[in-house]
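All remarks here apply to the structure that follows.
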Amino acid sequence: MMISKYSFHVLFLILLVSFSFSYAHFRHITPKEIDPKSFNSHSSPLSPSLTSKGSGLLSGSSSSKDSSLFDNLSSSNASGSSKISDSSSVSTNSKGFAFSGSFRGSGSLSGSTNSGASNNKEFNINLKANLSGCFSKVFAFGDSYTDTGNARLIGILKSFVGAVLTRRVSQGGNSNFKLGGRSSNGRMVVDFLCDSLNISTPIPYKAISSDFDFDSNSGVNFAVGGATSLSGDFFVNHKIGHTLMWKGIPLGFQTQIEWFNHFVTRIACKRKTEEECKAEMGKHLIWLGQMGVDDFARVIGSSVSMRWLTDITVNHISKILTTLLDSGGKFVVVQGLPPVGCCPLSKLLTPQSEKDEMGCSLVINRAVMAHNELLQKTLEDFRVRHGTEVTISYADYFNAYKAIMGNLAGFGFSDGSQACCGVGGGLLNFNLHNLCGMTGTTACENPSNHVHWDGLHLTEAMHKQITRLFLHGGYCKPSFDDIISRQRNSGT
């Protein structure tokens with residue numbers, strides 16, 4: 001059929017308008033519209049195959065099935081590995097710890113993003129409208145990224161850390177917030193999570209007193225800073241690297257299982273039958289913060305096999321998860337690891353030949369990716385075994401972190417490299433022998449503009465943005481909205 005010159009022009013204009021509309025929509029797509037399934041470990045820009053410069057200590061302990069996870073990473077394109085692109089009120093418990101309630105205007109998830117990000121309207125969402133009343137208690141586990149006071153209470157933080165904690169408020173912290181031993185300049189993911197649920201942050205396990213009232217409290221935090229998958233003997237025999245800000249041999253993750261079992265037996269389920277106890281635990285949210293950051297940081301430059309470390313860390317997470325599910329837990333979120341190779345500590349200790357174009361450690365980040373891949377497979381095995389009675393969500397810390405680093409200004413940051421609290425200036429403002437809090441170190445004037453707090457840990461502002469992506473950005477799988485829906489439909 002012949003098309004007239006006039007018809008051809010009309011058809012061309014229609015196609016042009018359609019293309020322009022589609023392109024405009026694509027450019028303005030928001031993070032919540034992006035399919036979270038498109039963010040997986042293999043899509044990471046830090047995905048060449050895993051290698052280690054160490055002596056391969058105990059590297060033969062990995063099974064061939066698990067080790068294939070490392071080998072599969074080699075299929076990614078190494079040449080693109082360095083480019084990351086994107087997409088108050090306070091309540092106080094009986095021990096005097098202050099926890100977040102609502103902090104609108106001072107960094108809460110219900111307010112706008114950091115300064116410089118006020119145009120990110122997709123995040124100006126009052127999450128409490130959707131989440132308030134869903135869970136009355138949270139039980140948290142993890143390392144220094146989740147610990148809200150246990151490490152300080154049992155005395156394993158070095159003295160200079162305690163000194164900086166007392167000065168932190170005057171150096172940019174929230175004047176209405178008691179830090180209580182957090183490894184940050186303020187609140188962390190667990191704090192913002194509870195703020196969104198409109199409940200108080202769980203009390204540190206070691207702050208529980210003899211008159212602790214389970215019914216009137218909002219849960220317990222068993223996480224402890226410096227927690228390790230490695231045994232005490234291993235630290236001694238193999239002279240594992242720098243102890244950083246912790247004293248002596250750190251506590252193992254097994255300690256948190258012991259604390260939890262003691263709490264359930266002696267407090268939460270006292271005078272309850274086994275069935276009643278499981279029904280009680282099934283009502284609440286269990287949050288497994290990341291586990292392994294402190295270990296990966298410790299072994300940089302040592303002969304410890306990253307593959308072996310990944311295996312034993314995921315094994316410890318499996319033990320904790322098994323304990324929690326056997327105790328009646330039904331709603332669980334398990335965090336993966338962030339790109340540990342991008343923290344100032346890793347950048348400082350990694351030879352230039354083993355860094356990507358952003359200065360991140362390729363070896364560490366490949367190990368982290370393998371950890372996250374193995375963890376996700378492990379969680380899927382748990383889902384298959386327990387069926388629909390249990391909801392286990394994976395919080396994709398690695399790709400949430402990537403999204404922020406690929407759009408720093410959009411999330412309110414101006415610096416993604418330097419430690420806010422440190423010494424030396426330059427690209428990292430970090431000295432391994434003069435850590436945050438030691439003589440000569442200072443904190444930056446605007447911590448909210450920085451991603452990194454002290455060279456290993458994140459700022460309150462970064463924790464806030466990570467939490468937003470977990471809860472409303474599609475970085476939990478299943479999504480946090482799905483967890484809430486299942487909880488409400490369960491009738492618990």
Item to complete: From (1) in contact with a His (Cβ under 9 Å, 6 or more places away or on another chain); (2) surrounded by 24 or more Cβ atoms within 10 Å (Cβ to Cβ), pick out the condition that doesn't hold for Leu325.
Response: (2)
Discussion item. Taking the conditions exactly as written (modelled with pLDDT under 95 and of a type in the set (A, V, I, L, M)), does Ile312 satisfy them or not?
Written reply: yes
Worksheet item: Under the condition of being among the hydroxyl-bearing types (Ser, Thr, Tyr) and not in a loop (DSSP other than H, G, I, E, B), which residue from the range 414-452 is nearest to Lys347 (Cα to Cα)?
Response: Ser417
Worksheet item: Taking the stated definitions as given, is Thr273 modelled with pLDDT of 85 or more and among the polar types (S, T, N, Q)?
Response: yes
Fill in: Filter result for the condition that a residue is assigned to a loop (DSSP other than H, G, I, E, B), of a type in the set (Ser, Thr, Tyr) and over 24 Å from Asp311 (Cβ atoms), over Ser196, Ser210
Ser210
Item to complete: Tell me which residues, restricted to the range 385-413, are surrounded by 17 or more Cβ atoms within 10 Å (Cβ to Cβ) and in a helix (DSSP H, G or I).
Response: Tyr397, Phe398, Asn399, Ala400, Tyr401, Lys402, Ala403, Ile404, Met405, Gly410, Phe411
Discussion item. So for the range 409-417 (the condition being under 30 Å from Gln487 (Cα atoms) and hydroxyl-bearing (Ser, Thr, Tyr)), does at least one residue qualify?
Written reply: no
Worksheet item: In the range 414-464, what residues are among the polar types (S, T, N, Q) and either closer than 21 Å to Gly181 by Cα or open to solvent by 30 Å² or more (accessible area, probe 1.4 Å) (or both)?
Response: Ser414, Ser417, Gln418, Asn431, Asn434, Thr439, Thr441, Thr442, Asn446, Ser448, Asn449, Thr459
Worksheet, complete the sentence: For the range 133-154, pairs from a residue that is farther than 12 Å from Leu193 by Cα and modelled with pLDDT of 90 or more to a residue that is in a loop (DSSP other than H, G, I, E, B) and charged (D, E, K, R), with Cβ under 6 Å and 6 or more apart or across chains, are Thr148/Arg182
Discussion item. Which residue is surrounded by the fewest Cβ atoms within 10 Å (Cβ to Cβ), if the candidates are limited to the range 256-293 and must be of a type in the set (Lys, Arg) and not in a helix (DSSP H, G or I)?
Written reply: Arg271
Item to complete: Kindly list, by first and then second residue, each pair from a residue in the range 473-491 that is under 20 Å from Asn372 (Cβ atoms) to a residue that is exposed (fewer than 13 other Cβ atoms within 10 Å of the Cβ), limited to pairs with Cβ atoms under 8 Å and residues at least 6 apart or on different chains.
Response: Gly474/Asp35; Lys477/Lys37
Worksheet item: Does Gly301 fit the bill of being more than 29 Å from Gln487 (Cβ to Cβ) and either open to solvent by 30 Å² or more (accessible area, probe 1.4 Å) or among the charged types (D, E, K, R) (or both)?
Response: yes
Practice prompt. Determine whether the range 467-490 contains at least one residue that is more than 30 Å from Glu280 (Cβ to Cβ), open to solvent by 30 Å² or more (accessible area, probe 1.4 Å), touching a helix residue (DSSP H, G or I) at 6+ places or on another chain (Cβ under 9 Å) and in a loop (DSSP other than H, G, I, E, B).
Written response: no
Worksheet item: Within the range 307-322, how many residues turn out to be closer than 14 Å to Val293 by Cα and either open to solvent by less than 10 Å² (accessible area, probe 1.4 Å) or small (Gly, Ala, Ser) (or both)?
Response: 5
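Could you say which residue among Asn237, Asn221, Asn217, Asn198 is open to solvent by 40 Å² or more (accessible area, probe 1.4 Å), polar (S, T, N, Q) and closer than 24 Å to Val332 by Cα?
Values: Asn237 fails: closer than 24 Å to Val332 by Cα; Asn221 fails: open to solvent by 40 Å² or more (accessible area, probe 1.4 Å); Asn217 fails: open to solvent by 40 Å² or more (accessible area, probe 1.4 Å).
Only one candidate qualifies: Asn198.
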Worksheet item: Can you spot a residue in the range 245-265 that is of a type in the set (Gly, Ala, Ser) and out of contact with any helix residue (DSSP H, G or I) (no Cβ under 8 Å at 6 or more places or on another chain)?
Response: yes
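The values are calculated or read from the model by the stated rules, or taken from the named source; none is laboratory data. This structure is a prediction, so every number in the text was calculated from the model and none was measured. Glycine also receives a Cβ, built like all others from the backbone with ideal geometry; neighbour counts cover every protein chain displayed. Heads up: the accessible areas ignore ligands, DNA and RNA and are worked out on the full protein's heavy atoms, side chains in. Shrake-Rupley method; radii C 1.70, N 1.55, O 1.52, S 1.80 Å.
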